[in-house]
Amino acid sequence: MIPIKSSEITPYRLYQDRRQFIKSAGALALGAAVVAACGAPPAPAGPAAASPDAAGSVALADERADPANSFEEITNYNNFYEFTPDKQRVAQLARDFVTRPWTVEVGGLVRNPKTFAIEDILAGFDQEERIYRLRCVEGWSMVIPWLGFPLRQLLAQVEPTADAQYVRFETVLDPEQMPGQRSPVYEWPYAEGLRLDEAMNDLTLLATGLYGQTLLPQNGAPLRLVVPWKYGFKSIKSIVKIDLVADQPSSLWMIAAPNEYGFYANVNPDVPHPRWSQRSERRIGESGRRETLPFNGYAAEVAALYAGMDLRRNY
Ligand SMILES: Nc1nc2c(c(=O)[nH]1)N[C@H]1C(S)=C(S)[C@@H](COP(=O)(O)O)O[C@H]1N2
Ligand SMILES: [Mo]
């Protein structure tokens, strides 16, 4: 674990300047040294070296010109119920979470089931930077520069069969390391699901890092899903199992409170949570509130997935 002093936070602009410098210097090793000098861990050679240009290109289509949250904000205000429901204590409780060895078993309705060691995932898929907004169903949001690769690249390797309609994800079950999993309140392990076409959308990412560095435990190390047009709870952390299935899977939150959390969970300002409005959100680090956008601002990319569907019923 790397203690980050508040004097050492990385605003996104500084990070960007640094990336620019790294690019022009043409030396990733030097880049890692520069990052390390700022109090953050050096990026591992694997993912960073895989795709230096992608890491430097910040003008991505999904960046809506909002500045990114700082590294400190993103790594100290987390939802990860396996550790604690207290967002400001997750980082500390997850500090020593061991993520090696780690495997991800991908199977179900596929022609080519495969168990990936995390090292193979890091080396086998080009890691690119994606700056996405994350909107929690609780009404707060952040902008996060993820490092990762589209889920569809991994799914292509296992070759889903024609019967596969949905993808089910599972977090590691490890109550020894995750004190929250000793609580009987929720049905562990955490599970989530996507429709296959949602999973295949280019925006749907498997993240291995953020701010150019390997993911810290609190953000879902070593591998987590990021689905930017859905409420944050769909973006399941610390994945060990991915199954292609025929029927719509259930999720931890659907089981815990079916009247509050549905399968789709698309960000939708028109559909209030039973206990609060979803019209606006508080961006972490800001004092006022921002308007919440349909599909979290990604409607152009994903609205067609839901053509003809009643999004009030399919919440
Ligand atoms: N396994 C697991 N994944 C999870 C959660 C969780 O409690 N356990 N919380 C979700 C919620 S509610 C949100 S808002 C995001 C938060 O991601 P972050 O802490 O990296 O910002 O993770 C999601 N993924
Ligand atoms: Mo959330």
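Placing one equal scatterer on every Cα of segment 83-193 and applying the Debye formula, the log10 ratio I(q)/I(0) at q = 0.14 Å⁻¹ is -0.83. Phi-derived couplings, Karplus 6.51 cos²θ - 1.76 cosθ + 1.60 at θ = phi - 60°, listed residue by residue for segment 226-231: 9, 10, x, 8, 10, 4 Hz, with x used for Gly and Pro.
For segment 60-306, the share of alpha carbon pairs falling in successive 10 Å distance bins from zero is 7, 33, 40, 19, 2, 0 percent. Direction-averaged projected area, Cα convex hull, segment 156-279: 9.1 nm², rounded to one decimal.
Measuring with a 1.4 Å probe in the full set of protein chains, what accessible area per residue, in whole Å², belongs to segment 115-170? Can you show the working numbers first?
Working: 1730 Å² over 56 residues.
Accessible surface, normalised per residue, equals 31 Å².
Using the 1.4 Å probe convention, the accessible area of segment 171-310 works out to 37 Å² per residue with neighbouring protein chains retained.
The alpha carbon gyration tensor of segment 170-231 gives principal lengths a ≥ b ≥ c with a/c of 1.5 or higher and a/b no greater than b/c, which makes the shape oblate. Oblate is the label for segment 213-284, because a/c, from the alpha-carbon gyration tensor with a ≥ b ≥ c as root eigenvalues, is 1.5 or above and a/b does not exceed b/c. Taking the accessible area of segment 60-306, probe 1.4 Å, and keeping the other protein chains in place, the carbon and sulfur fraction comes to 50%.
For residue 279 and residue 88, the difference between the fully extended length at 0.36 nm per residue and the C-alpha to C-alpha distance is 66.3 nm.
Which of the GluC sites (Glu not before Pro) across segment 221-292 are loop residues per DSSP, with 15 or fewer other Cβ within 10 Å?
On the way: sites: 260, 281, 286, 291; in loops: 260, 286.
Listed in order of number, the matching sites are 260, 286.
Each of 223, 78, 161 was scored by the projection of its Cα onto the charge dipole of segment 60-306, and the greatest displacement toward the positive side belongs to 78; charges sit on the C-beta of Lys, Arg, Asp and Glu.
The values are calculated or read from the model by the stated rules, or taken from the named source; none is laboratory data. Bear in mind the structure is a predicted one, so any value in this text is a computation, not a measurement. Cβ: placed from backbone, ideal geometry, glycine included. Neighbour counts: every protein chain shown. These accessible areas exclude ligands, DNA and RNA; they are computed on the full protein's heavy atoms, side chains included. Shrake-Rupley method; radii C 1.70, N 1.55, O 1.52, S 1.80 Å.
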